[in-house]
4 protein chains.
Amino acid sequence: MGIVLGPNRYGKAETRVVRVSRAADGTHALTDLNVSVALSGDLVDTHLTGDNANVLPTDTQKNTVYAFAKQHGIASPEAFGLLLARHFTASQETITGARVEIEEYPWNRLGPHSFSREGSLVRTASVRISSSGPASGPASAPAPAPASAPASESASAPAEVFGGLTGLTLLNSTDSEFTGFIVDDYTTLAETSDRILATAVDARWRFSSLPADFNAVFGAARDAMIAAFAGTYSYSLQQTLFAMGKAVLEACPDLAEIRLRLPNKHHFAVDCTPFGLDAAPEVFHADDRPYGLIEGTVLREG
Amino acid sequence: MGIVLGPNRYGKAETRVVRVSRAADGTHALTDLNVSVALSGDLVDTHLTGDNANVLPTDTQKNTVYAFAKQHGIASPEAFGLLLARHFTASQETITGARVEIEEYPWNRLGPHSFSREGSLVRTASVRISSSGPASGPASAPAPAPASAPASESASAPAEVFGGLTGLTLLNSTDSEFTGFIVDDYTTLAETSDRILATAVDARWRFSSLPADFNAVFGAARDAMIAAFAGTYSYSLQQTLFAMGKAVLEACPDLAEIRLRLPNKHHFAVDCTPFGLDAAPEVFHADDRPYGLIEGTVLREG
Amino acid sequence: MGIVLGPNRYGKAETRVVRVSRAADGTHALTDLNVSVALSGDLVDTHLTGDNANVLPTDTQKNTVYAFAKQHGIASPEAFGLLLARHFTASQETITGARVEIEEYPWNRLGPHSFSREGSLVRTASVRISSSGPASGPASAPAPAPASAPASESASAPAEVFGGLTGLTLLNSTDSEFTGFIVDDYTTLAETSDRILATAVDARWRFSSLPADFNAVFGAARDAMIAAFAGTYSYSLQQTLFAMGKAVLEACPDLAEIRLRLPNKHHFAVDCTPFGLDAAPEVFHADDRPYGLIEGTVLREG
Amino acid sequence: MGIVLGPNRYGKAETRVVRVSRAADGTHALTDLNVSVALSGDLVDTHLTGDNANVLPTDTQKNTVYAFAKQHGIASPEAFGLLLARHFTASQETITGARVEIEEYPWNRLGPHSFSREGSLVRTASVRISSSGPASGPASAPAPAPASAPASESASAPAEVFGGLTGLTLLNSTDSEFTGFIVDDYTTLAETSDRILATAVDARWRFSSLPADFNAVFGAARDAMIAAFAGTYSYSLQQTLFAMGKAVLEACPDLAEIRLRLPNKHHFAVDCTPFGLDAAPEVFHADDRPYGLIEGTVLREG
């Protein structure tokens, strides 16, 4: 029984590219990305013998990111990822698959060429192209199984396109209960009819059709999530998760599904009665670990 | 076209449990884990209506981690993960799947009850049990497709068991080349016949059979990887990756496959000739980003 | 020559307290702090013999933070720090010095009891009280030397009060030069008449008098810094630093001095001419390390 | 009352330099540093008018770090810091003060030119030179007040030299009590006669004379600290701190003082009696925040 190479990919991770565009009136626009490229294809030789004839260097991938930012600009992280993924798979015979993961760091405008970044919110995009049938990523790497038909925007290069965000922390200081759960030999938790519910949203949505304006979809999805979080009287974080996902799909017809990963950032009420104070829960300890972690996908029925 | 719940799971993440075992002679042993549990099953109601009748609280999961550490001890992270995963799926009718991810932080012994932790190396283990057929994790969550038959150690509870490590940084200061690669319009990289090769190993291996001594397998796998890294004259990091994976499988017959994720931690030679110094590459800039990222799986032929 | 105890202090660090205040109309307000207390005084015995008779446990300090948040509310981090520092030094005979460091995490209001935190900006406050003359912190700990008379707000408890912020990233995409510097044997840098200037502000200001509204001073100082950064045509980051500090002191008469710590977050123009593109600097590499670091104090003349 | 510039400094932070030395027999040695330089002097003009005639660019400082590593090698972080600090203050008329902070990342040897870095332990060094009297760092920057006469190793350039380490975690699983402390209205902590004592050492020692072999002093100081931690039956972490500092000074005659910063990494015993288990404290929750923080200086009597 021999030992062989399985799924594999390689690329340049975390190229930090900032694009400045100068309008005629002296106003600048700024786009700030972190781009990670992973390519796959006919790469057995470099693994087995070190023959790199089929290898496009990761340094070249980095250069391509910079050159494309210069030449084409960055309309949106999704569109930029598509440009890159199509280029790598179309231009190199030995490269048949590309995955481009992008983080965008939003900046606020302060003046014609001044900007501030106060935020921890990060917009994300991911584009995956395979011109050779089955995905060629490693077996145990993240591999989303499309719940409905994959986004198809050209005959020759089927691509999956994802948008999303991380780093958005939300908190309701009431309208959250947790009751009626299973009680077993290891259960000590008391039911509660009024607690703080807080989470840091990690969301990824998949496009079923490619919109004219990816940025508008991003804004609509983000706003729908926030409104659903704030507007849901919650009996479990799972319920809030489903409400958030449903709101995004209702607001964004181009989306097929959304995956949400919501840590339950526990805020434990501190009992101040030993200090001669009343029992009203007004002071909380924001705990770090452990934390609940609720993960779920919401999608359109087939 | 309705909007429905897709794959989902929930649990308590990052329970930091430390187990002290006291021998009769006053010698203590220490085990230091970070345990993350994720459960799946019949969880539609909590998402759609907030009815938690099928929900085992994440707080109870945390308690169970502590209680099992107390009652059963921690023979190895893999064995402890199996105990927990089997318990959750066996004891609750509504819970049909469990994933237990564990990090173990190794300590060095200083004395009978004194220990030091100098290390960034983390041992990892993962156990996945599903008593109801298909995996029930979210569509886009990491979902390793076993390349060979899954580990099967009991009739009633098929489990997949993984071991691994992160945080092991390795460096060869010579015996590394990179030449013969594709040159396209965006390539500026020069070939090199002598470079530093450095990486931080992220490895995960899958057991095809459950060994009597998980700790012995861990040691053998780690040592085989390190020896293969140091002993390979490298024409590409891919070649080194395959050599490391092959060495682990050769050393550990209980393993079916290994996935390696190797950042290429670039060390760029600094040109000191502008300062009147010779050109011998003796001084390097250890760069942060971007970095190459090589991912691959090595497995036994079916 | 004997070995003796020098300056020392101890306390509870990073108590994460969240205060919810409920108005009669159902509107909630939220204050989110990270409080670190350090006490000093007659603490020789606990160091030399382990006699803890003079030691107020750090657990008690934590309890006090919670109890004071409950009982007194949190008008501002500066005011809350003053309350705590005065309490510890006034209530315990053996404790003569207190340093309270506070981080406040700002939240945006989404609804009557819903909030979002998108921000990396952190407001800081520091209060130092010593009822026994000289500072008793460790010799090599941060020890600001007041440039003018210390804030004095009561006869019995002279306190120094500081405000500040961290995590505010600012960027000008033009109006920044760097020319006319020293050239020595190790200089290879070219002069530039147009570069990106970016920094992450770390500011700390000292109050000479205690204002009625600490929150108003915080807002005025923050806004003045941002406006000065955006409005300064910069020949060096030092020049921008001084302009920012001057603007804060001009806007805030209660402040005696401000210390600024400004990393020069380098954005290097990428040369895209090897790829057949023009030389206009539109694409930049946002580098991580090394970075320039400019530190300076701006203060009122004595 | 005017607004003026106060203490200031500037420099290049975090230059990541790796030095490879090749012996004739093919054996390599590796030194891995993170070097931060801060210079001070006659720098008013660059702050007030942007005139950079007195400014040695931070880019040049970076080049100097590389060139000196190439030309002189790196005997120890302390010696390398001295070389750099003396160079900057001696070679530039406008630069009168220099502070060089160095982190060294230790590597283990695997073979003649292979190395592993498993460790989180970081060795630190700091050198401060001022040829113009009083320290010129910012008022509120760390400013150690030497407890005894400053290290003086040449007539022209008085230097203070510090060594140290961070990232060394130590744990005793018994032989630690905490009793007899102050009880006030906010105290709920119970006394304990057997607890886990764990800390992550942050130590900085000051040399009173410059040894022939800085590396030997580092090893002796580290070993003395570890032995004192393990060997002390502790009634308070303060007591352990003093014992550790005393042991270092006794082992290292070249040291004048040592500052220790020891977080009390709380390990709370988990009560498993609700789960039908006995009360012996064998399982602990390793908590993140808040934590105790004990800081103190141990020094030789004047």
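Quick notes on this one:
The rows are residues; the columns are (1) at the interface with another protein chain (Cβ under 8 Å from one of its Cβ atoms); (2) open to solvent by 30 Å² or more (accessible area, probe 1.4 Å); (3) of a type outside the set (S, T, N, Q); (4) not in a loop (DSSP other than H, G, I, E, B).
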{"residue": "C:GLN238", "(1), (2), (3), (4)": "yes, no, no, yes"}
{"residue": "C:PHE242", "(1), (2), (3), (4)": "yes, no, yes, yes"}
{"residue": "C:VAL248", "(1), (2), (3), (4)": "no, no, yes, yes"}
{"residue": "C:ILE258", "(1), (2), (3), (4)": "no, no, yes, yes"}
{"residue": "C:PHE268", "(1), (2), (3), (4)": "no, yes, yes, yes"}
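- Every pair of residues 6+ apart whose Cβ atoms lie under 8 Å, when the first sits in the range D:274-290 and is more than 7 Å from every other protein chain (Cβ to nearest Cβ) while the second is surrounded by fewer than 16 Cβ atoms within 10 Å (Cβ to Cβ): D:GLY276/A:ASP185; D:ALA279/D:ASP271; D:ALA279/D:THR273; D:PRO281/D:ASP194; D:ASP287/D:PHE268
- Some residue of the range C:14-28 being among the charged types (D, E, K, R), surrounded by fewer than 20 Cβ atoms within 10 Å (Cβ to Cβ) and closer than 30 Å to D:THR192 by Cα: yes
- For D:ALA135, the conditions (1) open to solvent by 30 Å² or more (accessible area, probe 1.4 Å); (2) modelled with pLDDT of 50 or more all hold with the exception of (2).
- Subset of the range B:89-112 (residues that are open to solvent by 40 Å² or more (accessible area, probe 1.4 Å), of a type in the set (A, V, I, L, M) and more than 10 Å from every other protein chain (Cβ to nearest Cβ)): B:ALA90
- Test: residue in the range C:70-79 that is modelled with pLDDT of 95 or more and more than 23 Å from C:LEU210 (Cβ to Cβ): yes
- Restricting the range A:211-224 to residues that are within 15 Å of A:LEU165 (Cα to Cα) and in contact (Cβ under 8 Å) with a residue 40 or more places away in the chain, the residue that is least open to solvent (accessible area, probe 1.4 Å) is A:ALA221.
- Residue count for the range A:68-88, restricted to those that are open to solvent by less than 20 Å² (accessible area, probe 1.4 Å) and either in contact with a strand residue (DSSP E or B) (Cβ under 8 Å, 6 or more places away or on another chain) or at positive phi (or both): 12
- Selection count where residues are outside any strand (DSSP E or B) and in contact with an Asp or Glu (Cβ under 8 Å, 6 or more places away or on another chain), scope the range C:270-302: 8
- Count of residues meeting criterion [among the aliphatic types (A, V, I, L, M) and within 29 Å of the chain's Cα centre (by Cα)] in the range D:260-302: 7
- Unmet requirement for C:ASP51, which otherwise passes all of (1) modelled with pLDDT under 95; (2) open to solvent by 30 Å² or more (accessible area, probe 1.4 Å): (1)
- Residue in the range D:244-252 that is among the β-branched types (Val, Ile, Thr) and over 15 Å from D:THR199 (Cα atoms) present: yes
- Number of the condition not met by B:ALA227 [criteria: (1) surrounded by fewer than 20 Cβ atoms within 10 Å (Cβ to Cβ); (2) within 8 Å of chain A (Cβ to nearest Cβ)]: (2)
Let's see how each residue does on (1) under 27 Å from C:GLY296 (Cβ atoms); (2) more than 7 Å from chain C (Cβ to nearest Cβ):
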site	(1), (2)
D:PRO7	yes, no
D:PRO57	yes, no
D:ILE74	no, yes
D:LEU84	yes, yes
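- Qualifying positions in the range C:259-302 - more than 22 Å from D:LYS12 (Cα to Cα) and of a type in the set (A, V, I, L, M, F, W, C): C:CYS272, C:PHE275, C:LEU277, C:ALA279, C:ALA280, C:VAL283, C:LEU299
- When the range A:193-210 is filtered for residues that are more than 19 Å from A:ARG289 (Cα to Cα) and either more than 32 Å from the chain's Cα centre (by Cα) or open to solvent by less than 20 Å² (accessible area, probe 1.4 Å) (or both), the ones remaining, listed by number, are A:SER193, A:ALA203, A:TRP205, A:ARG206, A:PHE207.
- Some residue of the range C:77-87 being without any contact (Cβ under 8 Å) to a residue 60 or more places away in the chain and not hydrophobic (A, V, I, L, M, F, W, C): yes
The values are calculated or read from the model by the stated rules, or taken from the named source; none is laboratory data. Source: prediction; values computed, not measured. No Cβ is skipped: glycine too gets one built from the backbone with ideal geometry, and neighbour counts run over all protein chains shown. The accessibility values were calculated without ligands, DNA or RNA, using every heavy atom of the protein model including side chains. Shrake-Rupley method; radii C 1.70, N 1.55, O 1.52, S 1.80 Å.
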